[in-house]
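Notes follow once the structure below has been shown.
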Amino acid sequence: MRLSSHPGALLPAGRAKRVAILGATGSIGRAALDVIARHPGRFEVVALAANRDATQLAALARRFGARHVAIADTSCTDALARALAAESVRAELHAGPEALCELARLAEVDCVVAAVVGAAGIPSTLAAARAGKQILLANKETVVSAGLLLRDALEQGGGHLLPIDSEHNAVFQCLPSPYRHDPEVHGIERIVLTASGGPFRGGTRAALAAVTPDQACAHPNWRMGRKISVDSATLMNKGLEVIEAHWLFGLAPERIEVVVHPQSIVHSLVGYRDGSVLAQLGQPDMRTALAHALAWPERVEAGVGPLDLVRLGRLEFQSPDRELFPCLNLAYDTLAQGGTAPAVLNAANEVAVAAFLERRIGFLGIPEVVAGTLDRVASGEAMDLDSVLAADLRGRRAAETEVHRISDRA
Ligand code: NDP
């Protein structure tokens, strides 16, 4: 994958970096805007996009002076038009799923923050890659489902990536620059991704059977959107990140390890042939990764407090409980299988997490839906966007059947 260590990745000096934020109303989008607001003159917010939250989108467009706004759900277009008028914002309004691609391709945009949640982010992330943009990538589901397509789109369009996911941003910071996408060349033996273990670390199967959506979303260290919070609780988030790391850094699955680290201070590590292990540490606050990527290769203030190691006192590391949290192994399995299997895994997981949040299935139903879906849907080649989207759809349909089967049983 073309990472931003590529020499062509630097933007013209002396002018503000022009940014589009897709998923502006979410946890990552708002954290990115928080960092941007700290550096007037360094960044310019050109475009903002969301799915349905017209009110917040219009308020952000007014505050940051965006010239383009996009709303993916067309049933919210009128609401956005009214909200923009109420905020006296004269931005150009784009609507519909294609609207995010339009923003990603705008000639006046240098940098696209890909912060939509889920596979809904695939087309706009690919559009940014093909349009040669610098992509600040939070939307891991795109890499999981369409890793090969994203790699090809970056090659063809000249786009390049900076990882925002805290673990991958940490790995990026611990890699040599420029990174030649070949661990052997750089003497890299392994990557270790850290996982907090989520709110149910050390729990029992009986306790997991009874957890509520609010309990699953109450992450001990990070404040995040509801979908990724549930993924953290099931360890599917770490599974998705293993697949993401494979595509971003070119390591074989057996060289990507997962270690539970409850304090979320060591964000990830890179092990080298000579025995050196480099790690990136910091507070569990996404603004560090966002500031790093927004200002790269410079460093800017992020609003994140200093790390006091003495006060922390102790950092712990444990093996993940793969029996209690089977989603991690399911993700490794689909990575080994290749093709469209990770896209099916991701689609099934999105359906299962939504069903859990709607209280249609219990927490333990999530891995059951994903495993059942992978058994039902055969993997094919992920050669183009149509084949990936078709696999995604097959995964969603099979997962819905699994959800019905499980909820009928209850
Ligand atoms: P949130 O749920 O907080 O926000 C999601 C954003 O995506 C919102 O702006 C939402 O708009 C928009 N969106 C949702 N569906 C669509 C759609 N169909 N079309 C267009 N826009 C859509 O999610 P997070 O910010 O937590 O996560 C975003 C991504 O970043 C995910 O892929 C996640 O895995 C990744 N990530 C998040 C981290 C975090 O700390 N939150 C850490 C690392 C990675 P609206 O508000 O209108 O619904």
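A short reminder: the numbers here are calculations on the coordinates, not readings from a lab. Remember, it's a predicted structure, so these values are computed and weren't measured experimentally. Don't worry about glycine lacking a Cβ; one is built from the backbone with ideal geometry, like all the others, and counts go over all protein chains shown.
Below, the figures for the structure above:
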{"read-out": "Percentage, to the nearest whole number, of Cα pairs in segment 319-410 over 15 Å apart", "value": "55 percent"}
{"read-out": "Segment 235-312: C-alpha gyration tensor shape, a/c 1.5 cut-off, then a/b vs b/c", "value": "prolate"}
{"read-out": "Gln215 versus Arg299: modelled label distance in nm, points set 7 Å from Cα along the beta carbon direction", "value": "4.2 nm"}
{"read-out": "Amide H within-cut-off set for Arg18, under 5 Å, with H built and near neighbours excluded", "value": "Glu44, Asp110, Cys111"}
{"read-out": "Highest-first arrangement of 139-152, 30-43, 74-87, where packing means the average Cβ count within 10 Å", "value": "139-152, 30-43, 74-87"}
{"read-out": "Backbone HN-Hα couplings from phi across segment 380-389 [Karplus 6.51/-1.76/1.60, Hz, Gly and Pro as x]", "value": "x, 7, 9, 8, 8, 4, 4, 5, 5, 5"}
{"read-out": "Hits among lysines - C-alpha to C-alpha of Lys140 under 19 Å, sequence gap 8 or more where chains match", "value": "Lys227, Lys238"}
{"read-out": "All lysines inside 22 Å of Lys17 as judged from Cα atoms, apart from same-chain residues fewer than 8 positions distant", "value": "Lys133"}
{"read-out": "For peptides 276-287, 162-173, 388-399, 117-128, sequence by mean Cβ density within 10 Å, most packed first", "value": "162-173, 117-128, 388-399, 276-287"}
{"read-out": "Value of D in µm² per second that Stokes-Einstein yields for segment 160-200, Kirkwood Rh from Cα pairs, at 25 °C (0.890 mPa s)", "value": "208 µm²/s"}
{"read-out": "Cα-centred dipole magnitude for the chain, charges only on beta-carbon of K, R (+1) and D, E (-1), debye, nearest 20", "value": "920 debye"}
{"read-out": "Global form of segment 68-157, assessed from the alpha-carbon gyration tensor, a/c cut-off 1.5", "value": "prolate"}
{"read-out": "Scattering profile of segment 6-113 at q = 0.13 Å⁻¹ [log10 I(q)/I(0), Debye over alpha-carbon scatterers]", "value": "-0.43"}
{"read-out": "Length gained when the stretch Ala37-Ser276 is fully extended (0.36 nm per residue, less Cα-Cα span)", "value": "82.3 nm"}
{"read-out": "Binned Cα-Cα distance frequencies in the chain - 10 Å width, integer %", "value": "5, 23, 33, 27, 11, 1, 0"}
{"read-out": "Residue-span extension gain [Val310 to Trp222] - 0.36 nm each, minus C-alpha spacing", "value": "29.6 nm"}
